[in-house]
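The values are calculated or read from the model by the stated rules, or taken from the named source; none is laboratory data. Note that the structure is a prediction, hence the values are computed from the model and not measured. Quick reminder, even Gly has a Cβ in these numbers, built from the backbone with ideal geometry, and neighbours come from all protein chains shown. We work out accessible area using only protein heavy atoms, side chains counted, and drop any ligands, DNA or RNA first. Shrake-Rupley method; radii C 1.70, N 1.55, O 1.52, S 1.80 Å.
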Amino acid sequence: MRFVKYVRPVAVPAVIISAVAPKELNISDSLSIKGVAKTVAANAMSYYSGTPEKFVDLPQPYYWWQAGALMGSMLDYSHYTGDHSYDKLIARGLLDQVGPDFDYMLPTHFGQEGNDDQAFWGMSVMAAAERNFPQPDPNVPGWLDMGANIFDSLAGRWNTTACQGGLLWQIFASNPNGLDYKNTVSNGGFFQIAARLARATGNKTYSDWAEKVWDWTEAIGMIDKFGNVYDGAHASKDCKDTNPVTFSYSASIYIYGAAVMADVTQDKKWTERTERMVEASRSFFSPFENATNIMYEHACEQVNKCNQDMRSFKAYFSRFVYAAARYVPSIKPAIEELWHTSVEAAAKTCTGGASGTQCSHKWYTGAFDGNPGLGQEMSALETIQGLLALDAEAPLKGGEIKTVRAFADQNAVKGDSETASGPAPTPTSESDSAPGSQTEAGTQTSGALRRRTVPVKGWW
């Protein structure tokens, strides 16, 4: 990677957004949407006690992966609204978790890190890369390079000991139950990261891997002919016992990956796959006759079985379907029909707590249900702010992607800004040879583009 010095950029005026109570939302007014998003973003970040100098784990009962997902939600908030007031917190949150090999394999979190957890951090890292989000630490690779490292790490665990391939849910023996289960969120995350790297770099190896993962998922029966995305299957049964449970976030991860592949390949099959999965996703709406087109998590919500993870699934469902419409505009009518109704329903539940703005889980109730939480805030945030997604700058690719050192307000970094550019990341030889190879769960490859230097904390 080569670094090119540029003169100090001109200061960018801060975007000032007035907070708006969610119950006052007007979905036809972008300022109203931004104001409500500001309110809900503040609620979500109230669960995170990190600072621009230090990442702090989310409080119990939230897991490490959800911190990575929260950073993704806040990256969307920054990009869609133009409010960069959280950018330093986001950058610190992402950079403090890179791990010794800059691939988000962090020893302090091995006890709870599975392939899906790493993939969630990876999807946030890819969002940072595609937006030239500031990466101010010169001792850490750029976001795109780290996205490539995450890909290499995941590809190195492609496992053909059973089911003819696929990623297991878990990585380490400390989580033995997940070492016998191949799930769609892990494989879907890998698929989406591969597709996004293919678009960002133009490297065919990534698109080949995206094709491979999709084909495997479909062949093994985890995506059916109607576009339903099932939860997973057991390796010990050669993945012939497909778990028929469906979750909104698993579907959406594949939806966005397929939409990106439609853009990369210009092949109609990816457009048709995206459309088919969006159509199948209608199952996540209209829980009752008097709650038409309102989103719900049908596997757990009506029977009060949603855990803290599941209460955040609507966030990723909304995030990725909104984003998919950029590449497959034929799904816009479905978004207008389903998501616009859900946005208004979600906002109506955000009347709880001392502030009168806390959001809750059951949007079909039309009111705060007394059940607040981080997942509830993230779900409302992504569903509301996603209305702005197609008005924001499109994800960058190729030479447009650079490592930007300065923050938007120009107060975070003193001196000249430094922008890095260089050749697109290339998968390591281990990843190139991984198709068809047998790799035991838990083993790691030594990826390219990894720089074993000590991160410097004083870059604000």
- In the range 304-322, is there at least one residue being surrounded by fewer than 21 Cβ atoms within 10 Å (Cβ to Cβ), of a type in the set (Asp, Glu) and without any contact (Cβ under 8 Å) to a residue 24 or more places away in the chain? no
Asn290 vs (1) crowded, with 18+ Cβ neighbours inside 10 Å; (2) over 22 Å from the mean Cα position of the chain (by Cα): all pass except (1)
Wholly inside the range 124-240, helices (runs of 4 or more DSSP H) that include 1 or more residues that are more than 26 Å from Arg405 (Cα to Cα) and free of Cβ contacts under 8 Å to residues at least 24 places away in the same chain are 204-219
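Looking at the structure I just gave you, is Trp214 open to solvent by 10 Å² or more (accessible area, probe 1.4 Å) and either aromatic (Phe, Trp, Tyr) or in contact with a Pro (Cβ under 8 Å, 6 or more places away or on another chain) (or both)? It would help to see each step written out before you state the result.
Values: open to solvent by 10 Å² or more (accessible area, probe 1.4 Å): no; either aromatic (Phe, Trp, Tyr) or in contact with a Pro (Cβ under 8 Å, 6 or more places away or on another chain) (or both): yes.
No: the conditions fail for Trp214.
Condition first: over 17 Å from the mean Cα position of the chain (by Cα) and either open to solvent by less than 20 Å² (accessible area, probe 1.4 Å) or among the aromatic types (Phe, Trp, Tyr) (or both). Now tell me which residues in the range 46-71 satisfy that. I'd like the intermediate steps shown before the answer.
Residues of the range 46-71 that are over 17 Å from the mean Cα position of the chain (by Cα), as a first pass: 46-61.
Answer for the range 46-71, where residues must be over 17 Å from the mean Cα position of the chain (by Cα) and either open to solvent by less than 20 Å² (accessible area, probe 1.4 Å) or among the aromatic types (Phe, Trp, Tyr) (or both): Tyr47, Tyr48, Gly50, Phe55, Leu58.
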Here the residues within the range 77-94 that are closer than 25 Å to Thr201 by Cβ and open to solvent by 10 Å² or more (accessible area, probe 1.4 Å) are His79, Tyr80
The lone condition Ala37 fails out of (1) in a loop (DSSP other than H, G, I, E, B); (2) closer than 22 Å to Phe313 by Cα; (3) open to solvent by less than 70 Å² (accessible area, probe 1.4 Å); (4) of a type outside the set (S, T, N, Q) is (1)
Within the range 347-374, of all residues that are part of a loop (DSSP other than H, G, I, E, B) and aliphatic (A, V, I, L, M), the one nearest to the chain's Cα centre (by Cα) is Ala367
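In the set Phe313, Phe317, which member is under 23 Å from Val264 (Cα atoms), hydrophobic (A, V, I, L, M, F, W, C) and not in a loop (DSSP other than H, G, I, E, B)? Show your work before the answer.
Numbers: Phe313 fails: under 23 Å from Val264 (Cα atoms).
One residue alone meets the criteria, Phe317.
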